[in-house]
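Notes to accompany the following structure.
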Amino acid sequence: PCATVPHLQNDSWGKQYSHALFKAMSHMLCIGYGQQAPEGMTDVWLTMLSMIVGAPCYAMFIGHATALIQSLDSSRRQYQEKYKQVEQYMSFHKLPGDTRQRIHEYYEHRYQGKMFDEENILGELSEPLKEEIINFNCRNLVANMPLFANADPNFVTAMLTKLRFEVFQPGDFIIREGTVGKKMYFIQHGVVSILTKGNKETKLSDGSYFGEICLLTRGRRTASVRADTYCRLYSLSVDNFNEVLEEYPMMRRAFETVAMDRLDRIGEE
């Protein structure tokens, strides 16, 4: 730099090297010839070498910076990528506007802007850690549900590990009368209406459960259940239901008692 900037010849080495560093960075980061054009052939070739080295360095810097920013909130990025696919799917099939809006609202309430591969995450953990996390995630459900209040903690854990989280929108029929029952549901948050043949509605809310009658009788649904609000539920399949209750026969009797009471009320109507 001293040859091209004469006034630096008599300056301190600190100023000279600072200027040299500035010139080198202007070549590498701007991918150009920097502050001033090269004059001799040596400067031309050194400048070209600087640009050749600088281009991949600049690309690597941008790439690493982008990856770092994306990794700061990977769950939100995963949700956004997933929802883009959903939008393309809706557009490809030319779904009507009201259906698209319901799908959009469902994703907003179901995932709340973040998406995790929860099944894979829990599958990699040890059983004690998995049970601890599930018990923590379902703590509100357990606290609000009288069924679990005085139950054996081992039964509660066995039940919770087999539940699957589901979301329903207002007006959705969660259960339809006359269909074969394959699930029962526990209400974490929301209000549902049980609709019987007599057109009488019974409301159930947080801490209640429904759909167990079919699992006990192996028959068809005796009533319909409709979501009145956005409902956050946990479902339990018939196979898992029977598997847990085989280990805890006393709890089967508790379910049967509630089921008989509900059947009696339906019969009276």
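The values are calculated or read from the model by the stated rules, or taken from the named source; none is laboratory data. What you see is a predicted model; the values in this text were computed from it and never measured. In this analysis, Cβ positions are derived from the backbone assuming ideal geometry, glycine residues included, and neighbour counts consider all displayed protein chains. Keep in mind that these areas ignore ligands, DNA and RNA; they rest on the heavy atoms of the full protein, side chains included. Shrake-Rupley method; radii C 1.70, N 1.55, O 1.52, S 1.80 Å.
Before anything else, pin down the relative contact order of the chain: Cα pairs under 8 Å, at least 6 apart, normalised by residue count, whole percent. Relative CO of the chain lands at 14 percent.
Placing +1 at every Lys and Arg Cβ and -1 at every Asp and Glu Cβ, with all other atoms neutral, what dipole size does the chain have around its Cα centre, in debye to the nearest 20?
My answer is approximately 680 debye.
In loop segments of segment 143-202 as defined by DSSP, the trypsin sites (Lys or Arg not before Pro) with at most 11 further C-beta atoms inside 10 Å of their C-beta are LYS197. Probing with 1.4 Å while keeping every protein chain in the model, the per residue accessible area of the chain equals 63 Å². The string of couplings for segment 127-141 from the Karplus curve (6.51, -1.76, 1.60, θ = phi - 60°) is 4, x, 5, 4, 5, 4, 5, 5, 4, 5, 5, 9, 4, 5, 4 Hz, one whole number per residue in order, with x for Gly and Pro.
Projecting the Cα atoms of GLY219, MET250, MET115 onto the charge dipole of the chain (Cβ charges, centred on the Cα centre) puts GLY219 farthest toward the positive pole. Positive end of the dipole of segment 154-269 (Cβ unit charges, origin at the Cα centre): among MET260, ILE174, CYS231, the Cα lying farthest that way belongs to ILE174. For the chain, the pair-distance distribution built from all alpha carbon pairs, in bins 5 Å wide starting at 0, is 1, 5, 9, 11, 11, 10, 8, 7, 5, 4, 3, 4, 4, 4, 4, 4, 3, 2, 1, 1, 0, 0 percent. Seen from GLY211, the other residues with C-beta closer than 11 Å to its C-beta sum to a net charge of +3, counting Lys and Arg as +1 and Asp and Glu as -1.
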